[in-house]
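The values are calculated or read from the model by the stated rules, or taken from the named source; none is laboratory data. For clarity, every value in this text was computed on a predicted model and none was experimentally measured. For neighbour counting, all protein chains shown are included, and Cβ atoms are generated from backbone atoms with ideal geometry for every residue, glycine included.
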Amino acid sequence: MNLINNKIIAIIAAVLTFLLGSILVISIIFYFFGYPLSSIPQHQTYAFSGILVGIVLASIVYGNRRKELALNLTKVLDESLELEIKEEEAKKIISTVKRIPPFLINVYVSKDMNAVESFKDQIKEYKSQLTEEDKEKIRRIIEMPIPELQNLLNECYLKTKLEQFKILADPKAEQFLTVNVQELKKVLFDE
């Protein structure tokens with residue numbers, strides 16, 4: 001199955017897959033049991049089963065978007081930093097980035113807030129789960145000069161179209177990144 005390049009196309013494809021898949025499965029179930037489609041209200045369980053299959057099919061179609069984003073992010077990090085990032089690691093990064101709403105990042109950036117301080121306990125907990133290889137990958141990223149880091153974030157944005165990367169790649173985010181990268185170094189490597 002081809003990877004879907006555009007988020008809007010992925011959403012449309014998932015919705016169409018859900019609709020067509022549900023209709024097709026419900027039709028097949030009703031045909032198999034010899035029920036007319038007009039009897040759907042009396043056989044809601046079968047109809048619900050068809051809808052569940054439609055949901056599964058739609059999630060598979062939309063899931064290709066997540067895989068594509070992970071592959072694109074992996075490519076950027078491999079080329080820029082010569083790091084071997086596994087697809088599963090990239091999926092975790094994408095998942096984490098997507099959890100942070102762009103408006104929240106804008107608030108933090110506009111106020112040059114110390115986000116690391118706000119999440120210090122979670123970072124320390126996460127730190128205990130890191131392998132030495134993981135720490136080395138993180139170290140290579142956070143030891144980059146901020147302009148280079150922002151170029152990398154811009155490349156990540158261009159490949160994934162995630163608004164969060166775009167905000168951090170903006171020159172207005174330079175001071176925010178400087179503060180947070182320094183704090184992150186302390187939490188991960190100095191304590």
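Residues checked against (1) surrounded by 14 or more Cβ atoms within 10 Å (Cβ to Cβ); (2) in contact with a Pro (Cβ under 8 Å, 6 or more places away or on another chain); (3) modelled with pLDDT of 85 or more:
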{"site": "118", "(1), (2), (3)": "no, no, no"}
{"site": "147", "(1), (2), (3)": "no, no, yes"}
{"site": "154", "(1), (2), (3)": "yes, no, yes"}
{"site": "160", "(1), (2), (3)": "yes, no, no"}
{"site": "164", "(1), (2), (3)": "yes, yes, yes"}
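Give me the residue from segment 150-161 that is within 17 Å of residue 96 (Cα to Cα) and assigned to a helix (DSSP H, G or I) and, out of that set, nearest to the chain's Cα centre (by Cα).
160
To keep it simple, each residue is scored yes or no on (1) under 16 Å from residue 159 (Cα atoms); (2) among the charged types (D, E, K, R); (3) in a helix (DSSP H, G or I); (4) in contact with a strand residue (DSSP E or B) (Cβ under 8 Å, 6 or more places away or on another chain).
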| site | (1), (2), (3), (4) |
| --- | --- |
| 68 | yes, yes, yes, no |
| 72 | yes, no, yes, no |
| 94 | yes, no, yes, no |
| 123 | no, no, yes, no |
| 148 | no, yes, yes, no |
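Give segment 153-168 a look and list any residue that's of a type in the set (A, V, I, L, M) and farther than 20 Å from residue 137 by Cα, or say none.
158, 162, 167
Residues in segment 96-106 that are outside any loop (DSSP other than H, G, I, E, B) and either touching a Cys at 6+ places or on another chain (Cβ under 9 Å) or surrounded by 12 or more Cβ atoms within 10 Å (Cβ to Cβ) (or both): how many?
Counting residues in segment 96-106 that are outside any loop (DSSP other than H, G, I, E, B) and either touching a Cys at 6+ places or on another chain (Cβ under 9 Å) or surrounded by 12 or more Cβ atoms within 10 Å (Cβ to Cβ) (or both) gives 6.
Here is a yes/no grid of residues against (1) at pLDDT 75 or above; (2) under 15 Å from the mean Cα position of the chain (by Cα); (3) closer than 21 Å to residue 179 by Cα:
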site: 44; (1), (2), (3): yes, no, no
site: 48; (1), (2), (3): yes, no, no
site: 59; (1), (2), (3): no, yes, no
site: 65; (1), (2), (3): no, yes, no
site: 90; (1), (2), (3): yes, yes, no
site: 94; (1), (2), (3): yes, yes, no
site: 99; (1), (2), (3): yes, yes, no
site: 126; (1), (2), (3): yes, no, yes
site: 132; (1), (2), (3): yes, no, no
